[in-house]
Amino acid sequence: MRSISTHSLKVPRTARYAFLGDRSELPQELWIVLHGYGELCDAFLGNFRELDDGRRWLVAPEGLSRFYLKSGGGPVGASWMTREAREEEIADYLAYLDQLAGSLFEKLKGADPGVTLLGFSQGTATACRWALHTSMHIDRLVLWGGGVPPEVESKAALG
């Protein structure tokens, strides 16, 4: 009997994000906020309305894996990753976040806003991984309701 093997294939993908702010004004601050397990970008960004004072762009990328929160249908949520094909999912969301950041900075027309990266719950691990991976300068990293993933702790300890 032959064994079954799995393989990977990179494909183009449409990713979603929510934006709050005045796109006609260059911001003094850019906040990128990463949601937790089972949330969607627009609902999560709604938690940051108080920060929308005309000086900030607030952006909430959405995890690439959407699913029904209850079996059989109902509300939908998103996830940044699972343990299945873990390394590929991490690589995919890091590339997505880099592409989104590049797109945002193109729209900034040379402005240099302070960048805050905030991760909530499952988004904390995503924020930590991206902070180590990206070439974008991050002024503040906020981890809320989650921890630093073990591989990031190891890299940080090695310097």
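The values are calculated or read from the model by the stated rules, or taken from the named source; none is laboratory data. Predicted model only: the values in this text are computed from it and were never measured. Because the Cβ atoms are built from the backbone with ideal geometry, glycine has one as well, and the counts that use them run over all protein chains shown. Surface accessibility is based on the protein's heavy atoms, side chains included, excluding ligands, DNA and RNA. Shrake-Rupley method; radii C 1.70, N 1.55, O 1.52, S 1.80 Å.
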Near pairs, Cβ below 7 angstrom, 6+ apart or cross-chain, from segment 131-142 (over 16 Å from D112 (Cβ atoms)) to any residue that is assigned to a strand (DSSP E or B) and at pLDDT 95 or above: A131/L117; A131/L141; L141/L117; V142/T116; V142/L118
Residue check, S103 open to solvent by less than 40 Å² (accessible area, probe 1.4 Å) and either free of Cβ contacts under 8 Å to residues at least 40 places away in the same chain or not β-branched (V, I, T) (or both): yes
Residues (out of contact with any strand residue (DSSP E or B) (no Cβ under 6 Å at 6 or more places or on another chain), within 25 Å of V11 (Cα to Cα) and among the small types (G, A, S)) located in segment 66-123: A85, A91, A95, A101, G102, S103
Strands (runs of 3 or more DSSP E) wholly inside segment 1-88 that include at least 1 residues being touching a Phe, Trp or Tyr at 6+ places or on another chain (Cβ under 8 Å), small (G, A, S) and under 23 Å from L141 (Cβ atoms): 17-20, 56-61, 73-79
Selection count, segment 14-29, where residues are surrounded by fewer than 17 Cβ atoms within 10 Å (Cβ to Cβ) and in contact (Cβ under 8 Å) with a residue 24 or more places away in the chain: 8
Residues located in segment 69-110, provided they are more than 16 Å from R16 (Cβ to Cβ) and among the polar types (S, T, N, Q): S71, T82
Some residue of segment 113-125 being in contact with a helix residue (DSSP H, G or I) (Cβ under 8 Å, 6 or more places away or on another chain), free of Cβ contacts under 8 Å to residues at least 40 places away in the same chain, surrounded by 13 or more Cβ atoms within 10 Å (Cβ to Cβ) and not in a loop (DSSP other than H, G, I, E, B): no
Filter result (open to solvent by less than 50 Å² (accessible area, probe 1.4 Å) and farther than 14 Å from A127 by Cβ) within segment 55-84: R56, W57, L58, E62, L64, S65, G73, G77, A78, S79
Flag if D98 is in a helix (DSSP H, G or I), surrounded by fewer than 16 Cβ atoms within 10 Å (Cβ to Cβ), in contact (Cβ under 8 Å) with a residue 12 or more places away in the chain and acidic (D, E): yes
Residues that are open to solvent by 90 Å² or more (accessible area, probe 1.4 Å) and within 15 Å of the chain's Cα centre (by Cα), drawn from segment 141-159: W144
Residue that is modelled with pLDDT of 95 or more and closer than 26 Å to E29 by Cα, where the choices are G77, G102: G102
